[in-house]
Amino acid sequence: MAFVTIRNTGERIEGEAAVRDFLTANNVYYEHWDTDKVPSRLQNVFTLTEADKEAILDSLKDDIERLAQTRGYVKWDVIALSSATPDLDSLLRKFEQVHTHTEDEVRAITAGSGVFIIKGGEDVGYFEVHLTAGDVISVPENQPHFFTLTDERQVVAVRLFIDPSGWVAHPYADPSFEGQS
């Protein structure tokens, strides 16, 4: 289950309702899916074939289609990151730069864990959303953020897109973020 850490204060927000309330107040969409629908042979597996990815998408089809219909997504896929991912560290450096998108960035974690670091309002500053299997998040368009892995260094996530071209980041230079990592 997700939890939030506010970087300026160290405050930790736990519990599904409290996390959802905090994220909603900061324009971030959150919900939780039942990942037990994923075939057991693919649960906690981080090296996936294209057929495995399709099986994950098929198992979560109802949740994906409901979210796609209500929020306008037209394309989705599965990304798996782990120590078996070629050039994982250089790939993470690309993700770990504060950036924005011209559409919201959606991730539904199906295995492992990850962290979105998101810029909130001036009263909040940057906050971390720690995600585990079942957590679904949508960071709004033009909201500065980045994604990284936890110490576990493995995640499987469904990504949903409005623009069929997929993930396109726009760098966001933010002096208030410098030195906060």
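What follows is calculated from the coordinates using simple rules that are stated; it is not laboratory data. Computed from a predicted structure; not experimentally measured. Here the Cβ is made from the backbone with ideal geometry for all residues, glycine too, and neighbour counts use every protein chain on show.
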Between region 10-54 and region 102-137, the alpha-carbon center distance in angstrom: 10 Å
Estimated [θ] at 222 nm from DSSP helical runs (n ≥ 4, -39500 (n - 2.57)) normalised by residues in the chain, nearest 500: -6500 deg cm²/dmol
Contact order normalised by residue count of the chain, Cα under 8 Å, 6+ apart, percent: 30 percent
Normalised alpha carbon radius of gyration of the chain [divisor 2.2 N^0.38 Å]: 0.98
Mean Cβ count within 10 Å, highest first, over the residues of peptides 141-154, 78-91, 104-117: 104-117, 141-154, 78-91
Anisotropy class of region 27-132 from Cα gyration tensor, a/c 1.5 cut: oblate
Electrostatic dipole magnitude of region 3-171 [Cβ: Lys, Arg +1; Asp, Glu -1; Cα centre; debye, to 20]: 220 debye
